[in-house]
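Reading through the C-alpha cells given below for one structure.
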Amino acid sequence: MTRGSILVTGGAGYIGSHTVLQLRARGEQVVVLDNLYTGFRQAVLDTPLVVGSIGDPEVVRATLRDYKVDTVLHFAAHTIVPESVRNPLKYYGNNTCGTRNLLECCAEAGVKHFVFSSTAAVYGIPPTPYADESTPTAPINPYGASKLMSEGMLRDLAVATPMRYVVLRYFNVAGSDPAGRIGQSTREATLLVKVACEVVVGKRPYLSIFGTDYPTPDGTGVRDYIHVDDLAAAHLDALSYLREGGESTILNCGYGHGYSVREVIRSVERVSGRPLPVREEARREGDPPVLVARADRIRSTLGWTARLDDLDTIVRTSLDWERKLLNAPW
Ligand code: UD1
C-alpha cells in the first residue's frame, strides 16, 4: 500500500517547524499549510509550503487532494493567552471554527490519522499540582476553551468516521533546534524562557517575576518545561502509533517534573555566565501556582522517551537561537 503525504498545518510556526524537520529527516512526504500570520517562510526550509488558512475550504480541499494527504498534524492556532482574554472571538474563530473546517475537509477526503496540538490550558487551575489525562478539564481562558472544543469535535468525528487521532496536551514548551537551523521567533513573546533570553541579548531591560508569594518552595510559579525537540519527537511517535493501528487517545506532553521561575533564572545565569536583571512583581492573573504533567501515559502508549530533559540544555538552545536572531532577524 502506498503511503500518502502528511499535511502539517502551522508548519512554519515554532513547534510545527521543529516537527517538520524531524519528519523530513525520517523520509516522510510533507506539505505545510500556513497563513504566515505568526509563522515564518524561512522556518520550513525547502519543504513544500501552501500559504493559506485552515479556515478556507477551497485551499484545504485542494491541498489534501493535490498532495494525496492521508495524515494531518494540526498545529495552526493562535496561542497567546492574554490576547485570547481580550479578543475571544479571534481565538474561537481561528482555533475552533478553523479546526472545524479542517476536520470537515479531512473527513470528506478520507484522512485516516490526525494529531492535534492541544494544551495544558484545558486543565485550568487543576485541583492537584500534577495533572493527568483524567484530571477534569476546566479552562480558565478562551485559548484553553477554544482548544478543548476542538478536542471534542475530534472525539465525536472519530466515532462517526474511520479517522483515528492522538491529542497531545503540551505543557511549557521551550528550547530550539540544537543544530541552530530554526527556533522560536515569535514576536512580542510572553513565555518565560524566551523572555529571559531576550533580556540576556539586550532586547529587554529586565525580566519581571510574576508573583513571589506562591505556596511553592521559593514562592514563584512552577511549570513543566519540555524541550521542543522532544515534543516534536512525540508527534512522530504518535504518527507511528496510529499507523500501527493504535486507538484514538489523549496524552500529556511534559517531563513530569517542574522548575520554579527562580530556578529558570538561575539556569539562564549559569548558561549566559552573568546575572539576569529581574523585578519582582505581583502575580499575573490566571496563573496557577504549580502545573506539572503526569507523563506516564505518553511513555507507555507511544514508547516516547525524553532525550533533552535538562533545564540548562533547554535554556542554552533558546539562548543560542536568540543570539542568532539578533544578527539575522527573521
Ligand atoms: C504556557 C502556555 C499555556 C499552557 C501552559 C502549560 C502559552 C501562551 N501559554 O503558559 O497555554 O497551558 O504553558 O503549563 O503558550 N513568568 C514570569 N515572568 C515572565 C513570564 C512568565 O514570572 O515574564 C512566570 C509565570 O508567572 C509562570 C511561569 O513563568 O509562573 C511560566 O509562564 P509562561 O512561560 O508565560 O507560561 P504559562 O503561563 O505557564
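Brief remarks on what is shown
- Boolean, S146 is surrounded by 22 or more Cβ atoms within 10 Å (Cβ to Cβ), touching a Phe, Trp or Tyr at 6+ places or on another chain (Cβ under 6 Å) and among the small types (G, A, S): yes
- Selection count, segment 176-187, where residues are surrounded by fewer than 22 Cβ atoms within 10 Å (Cβ to Cβ) and either assigned to a helix (DSSP H, G or I) or within 11 Å of the ligand (Cβ to nearest atom) (or both): 1
- Yes/no for R307 being farther than 21 Å from S118 by Cα and basic (K, R): yes
- Figure legend. Inter-residue proximity from segment 266-288: first residues more than 20 Å from G202 (Cα to Cα) and aliphatic (A, V, I, L, M), second residues at pLDDT 95 or above and surrounded by 12 or more Cβ atoms within 10 Å (Cβ to Cβ), beta-carbon distance below 9 Å, spacing 6+ or different chains. Indicated pairs: A282/F210; A282/G211.
- Among (1) touching a residue at least 12 places away in the same chain (Cβ under 8 Å); (2) more than 12 Å from the ligand (Cβ to nearest atom), the one test that G124 misses: (2)
- Taken over segment 262-292, the criterion of being under 20 Å from the mean Cα position of the chain (by Cα), surrounded by 15 or more Cβ atoms within 10 Å (Cβ to Cβ) and either within 23 Å of D309 (Cβ to Cβ) or among the small types (G, A, S) (or both) is satisfied by V264, P288, V290, L291, V292.
- Cβ-Cβ under 8 Å pairs, at least 6 apart or on other chains, segment 79-94 side more than 17 Å from N35 (Cβ to Cβ), far side modelled with pLDDT under 90 and within 14 Å of the ligand (Cβ to nearest atom): V81/G286; V85/G286
- Any chance V173 is in a helix (DSSP H, G or I) and at pLDDT 95 or above: no
- Selected residue (criterion: surrounded by the most Cβ atoms within 10 Å (Cβ to Cβ)) from residues of segment 218-245 that are over 22 Å from the mean Cα position of the chain (by Cα) and within 23 Å of G273 (Cα to Cα): T220
- Any hit, segment 196-217, residues being within 11 Å of the ligand (Cβ to nearest atom) and under 14 Å from the mean Cα position of the chain (by Cα): no
The values are calculated or read from the model by the stated rules, or taken from the named source; none is laboratory data. Just so we're clear, the structure is a prediction, and the values are computed from it rather than from any experiment. Cβ atoms come from the backbone with ideal geometry, glycine included; neighbour counts cover every protein chain shown.
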